[in-house]
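Have a look at the structure below before the remarks.
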Amino acid sequence: MNIELAPDIDGCRLCGATSRQREFWREPYLGAGQSLRRCGYCAGLYLAPDFTPASLEDFYAHHYRKLFLTEIIGKHPELFFKHRFESHIAEERLRIASPLLPHDGRLFELGSGFGAFLGALAQARPDIALHASEYDSTHRDSLCAGAKVQWISHFAASPLAGYFDVVAAFHVLEHLPRPTAFSRWAVKALKPGGHLIVEVPDAGCDWRTRKFVHPAHLSYFTADTLRRTLQSAGFQVLNCGPHPAGPAFAGTLLAIARHPLTGARANLISQAEPGEIAAMDRRIDAVRWTLADKLKCHAKHAMATIVGAENTGAFQRWLTYRRIKKLWDS
């Protein structure tokens with residue numbers, strides 16, 4: 001895999017600050033030179049430097065599912081989607097989004113994946129006009145269930161300001177090189193009183209392995225940094241914390257934010273308290289690259305060599321499915 005990195009500007013991915021940026025350790029998957037950093041101003045956690053645009057496109061087009069074997073769909077897509085809880089997760093997201101949508105409303109989903117949420121929403125609310133963007137055009141219709149979707153190549157290419165009632169981004173914000181650019185676009189794209197729904201991995205949860213950090217995730221949000229990011233775009237944050245909807249959402253933050261009725265103003269991200277930054281440093285300093293982590297990586301690579309990447313990914317998904325199912329059934 002030939003990965004090229006852009007010049008290192010040594011600036012925070014969230015607020016742009018260049019001073020008091022602490023570097024921790026390099027991500028353990030690719031070893032391309034990206035490292036986990038913490039901003040001393042806003043407490044943002046991020047990987048840097050960026051891939052070049054060409055390398056980023058190549059990574060997602062050709063290498064993402066090879067690096068993360070559980071993302072390989074394989075020969076049995078029905079098991080792939082079942083073991084990922086795609087239908088259940090879509091229904092939970094529908095419960096959150098539907099009450100926020102007026103009759104004949106408009107929704108935009110950034111990074112719609114396999115289309116499970118769009119399909120569930122189309123069946124429950126056929127009155128809603130659906131718009132979405134998804135880089136993987138090969139699989140984006142897999143679970144849309146025939147929903148009529150207006151596909152947009154990039155969120156910046158969407159319709160005029162004040163167009164949408166709801167904008168949703170489920171596990172996408174962490175992938176974006178500039179997440180603040182999206183949040184500021186979203187506040188302009190929404191009607192006054194419209195809502196933004198965001199899910200991201202929770203960097204404030206009890207992660208004990210450096211494998212939490214990988215090249216597909218460029219930003220690592222806590223509830224505080226996510227809240228400040230949305231507020232800086234001009235949103236009123238109604239809710240921001242651990243996702244309330246069961247084991248399939250463990251380790252996930254849910255934020256619901258509203259476009260103010262009287263207009264939205266973008267501001268600089270507010271400064272984090274010193275105690276928040278110190279607590280974050282202690283938590284990250286405690287995360288080690290252990291012998292057990294190394295052995296797990298070697299075992300996964302050995303299994304992929306022997307039985308194939310597809311079968312290895314399927315086995316990993318099944319283990320996760322069984323673990324979550326036991327939690328649900330208990």
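Within the stretch 21-35, being farther than 23 Å from HIS301 by Cβ and either among the hydrophobic types (A, V, I, L, M, F, W, C) or touching a helix residue (DSSP H, G or I) at 6+ places or on another chain (Cβ under 9 Å) (or both) holds for ARG22, PHE24.
Going through ALA169, ALA132, ALA122 one at a time, which residue ends up being among the small types (Gly, Ala, Ser), more than 21 Å from the chain's Cα centre (by Cα) and crowded, with 18+ Cβ neighbours inside 10 Å? Among ALA169, ALA132, ALA122, only ALA122 is among the small types (Gly, Ala, Ser), more than 21 Å from the chain's Cα centre (by Cα) and crowded, with 18+ Cβ neighbours inside 10 Å.
If you go through the stretch 160-202 and pick out every residue that is at pLDDT below 95 and in a loop (DSSP other than H, G, I, E, B), you end up with 7. The combined condition, being farther than 27 Å from GLU78 by Cα, in a loop (DSSP other than H, G, I, E, B) and free of Cβ contacts under 8 Å to residues at least 24 places away in the same chain, is fulfilled by SER153.
State all residues of the stretch 66-80 that are surrounded by fewer than 17 Cβ atoms within 10 Å (Cβ to Cβ) and either touching a helix residue (DSSP H, G or I) at 6+ places or on another chain (Cβ under 6 Å) or closer than 24 Å to ALA147 by Cβ (or both); if no residue qualifies, say none. GLU71, GLY74, HIS76, PRO77, GLU78, LEU79 - these are the residues of the stretch 66-80 that are surrounded by fewer than 17 Cβ atoms within 10 Å (Cβ to Cβ) and either touching a helix residue (DSSP H, G or I) at 6+ places or on another chain (Cβ under 6 Å) or closer than 24 Å to ALA147 by Cβ (or both). It is to be established whether one or more residues within the stretch 302-321 are without any contact (Cβ under 8 Å) to a residue 60 or more places away in the chain, loosely packed, with under 14 Cβ neighbours inside 10 Å and under 21 Å from HIS83 (Cα atoms). Looking through the stretch 302-321, at least one residue is without any contact (Cβ under 8 Å) to a residue 60 or more places away in the chain, loosely packed, with under 14 Cβ neighbours inside 10 Å and under 21 Å from HIS83 (Cα atoms).
Every test in (1) more than 20 Å from CYS39 (Cβ to Cβ); (2) touching a strand residue (DSSP E or B) at 6+ places or on another chain (Cβ under 9 Å); (3) part of a loop (DSSP other than H, G, I, E, B) is passed by HIS217 save one, and that test is (1).
The values are calculated or read from the model by the stated rules, or taken from the named source; none is laboratory data. Computed from a prediction, not measured in an experiment: that's the story for all the values here. Glycine gets a Cβ as well: all are built from the backbone with ideal geometry, and neighbour counts include every protein chain shown.
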